[in-house]
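Notes follow once the structure below has been shown.
The values are calculated or read from the model by the stated rules, or taken from the named source; none is laboratory data. Note that the structure is predicted; figures quoted are calculated from it, not measured. As a convention, Cβ positions derive from the backbone with ideal geometry for all residues, glycine included, and neighbour counts pool all protein chains shown. SASA here: full protein model, heavy atoms, side chains in, ligands and nucleic acids out. Shrake-Rupley method; radii C 1.70, N 1.55, O 1.52, S 1.80 Å.
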Amino acid sequence: MRFLAFIGALAIIVGIGAAVFFLGGFYSVAGTAEDPGIVRWALIQVRTASVNRHATDQPPANINDAQTVQAGAKAFAAHGCANCHGAPGVPWQKYSEGLHPDPPDLKEVVDHQTPAQLFWVVKNGINMTGMPSFQLAGAKDEEIWAIAAFLKKLPTVSEADYKA
């Protein structure tokens, strides 16, 4: 019984300490401040779990069609995605270096994401990262699926193919 009381007291102390740290202004929200390891870990875990839980839409049958991928490349360029993420032969803009966390190099992460996960992220955005919701920006689901189709092919797209 004493052990359980000790665990309960420890949990209360940790909770109060976390509240003082975050709500007392000790945690810096500056874009130039590195997140403590535990905060970075927690944010990644929450983001990953959220995307996994909510990305339930099924891709359309034409997701691998060349025309869909080409339309996705055009939408990727038109919506300014290359400004933050770059594209084949297109470096990302200097201002994207000021985003915290850094925008991911999509060629390195898309192989680890399903089309449904990519669609969900592009459609809904990611809170507190600078990734906007393309749905709120006026993009229709068909266009967002085309972007997801392009992203799945991105690691193999050449600079010449992207510019074409």
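Conditions: (1) at pLDDT below 95; (2) of a type outside the set (Val, Ile, Thr); (3) under 14 Å from the mean Cα position of the chain (by Cα). Ala49 meets all but one. Number of the miss?
Only one criterion in (1) at pLDDT below 95; (2) of a type outside the set (Val, Ile, Thr); (3) under 14 Å from the mean Cα position of the chain (by Cα) is unmet by Ala49, namely (1).
Taking Arg40 as the residue in question, decide whether it is over 30 Å from Glu143 (Cα atoms), under 19 Å from the mean Cα position of the chain (by Cα) and either of a type in the set (A, V, I, L, M) or in a helix (DSSP H, G or I) (or both). Before you say what the answer is, go through the steps one by one.
Numbers: over 30 Å from Glu143 (Cα atoms): yes; under 19 Å from the mean Cα position of the chain (by Cα): yes; either of a type in the set (A, V, I, L, M) or in a helix (DSSP H, G or I) (or both): yes.
Criteria met by Arg40.
Within the stretch 41-52, identify whether any single residue is loosely packed, with under 15 Cβ neighbours inside 10 Å, among the polar types (S, T, N, Q) and in contact (Cβ under 8 Å) with a residue 24 or more places away in the chain, and answer yes or no.
yes
Quick check: is even one residue across the stretch 10-26 open to solvent by 100 Å² or more (accessible area, probe 1.4 Å) and within 21 Å of the chain's Cα centre (by Cα)?
No, there is no match, as no residue in the stretch 10-26 is open to solvent by 100 Å² or more (accessible area, probe 1.4 Å) and within 21 Å of the chain's Cα centre (by Cα).
Restricting the first residue to the stretch 70-98 and requiring it to be closer than 18 Å to Glu108 by Cα, which pairs with a second residue that is of a type in the set (D, E, K, R) meet a Cβ separation below 6 Å and a spacing of at least six or different chains?
Matching pairs, first to second residue: Pro88/Glu159; Gly89/Glu159.
Would you check if there is a residue in the stretch 134-151 being open to solvent by less than 50 Å² (accessible area, probe 1.4 Å) and under 30 Å from Glu34 (Cα atoms)?
yes
With respect to His85, determine if the residue is touching a helix residue (DSSP H, G or I) at 6+ places or on another chain (Cβ under 7 Å), within 30 Å of Val157 (Cα to Cα) and either open to solvent by less than 90 Å² (accessible area, probe 1.4 Å) or small (Gly, Ala, Ser) (or both). Outline the logic, then answer.
Working: touching a helix residue (DSSP H, G or I) at 6+ places or on another chain (Cβ under 7 Å): yes; within 30 Å of Val157 (Cα to Cα): yes; either open to solvent by less than 90 Å² (accessible area, probe 1.4 Å) or small (Gly, Ala, Ser) (or both): yes.
Criteria met by His85.
Regarding the stretch 114-123, can at least one residue be identified that is open to solvent by 50 Å² or more (accessible area, probe 1.4 Å) and of a type in the set (Val, Ile, Thr)? Can you show your working first?
Initial filter on the stretch 114-123 (open to solvent by 50 Å² or more (accessible area, probe 1.4 Å)): 114.
Cutting the leftovers down to of a type in the set (Val, Ile, Thr) gives us 114.
Checked against the condition, which is being open to solvent by 50 Å² or more (accessible area, probe 1.4 Å) and of a type in the set (Val, Ile, Thr), the stretch 114-123 yields at least one hit.
Looking at Thr56 and the list (1) open to solvent by 90 Å² or more (accessible area, probe 1.4 Å); (2) at pLDDT 95 or above; (3) part of a helix (DSSP H, G or I), which single condition is not satisfied?
It fails just one condition, (3).
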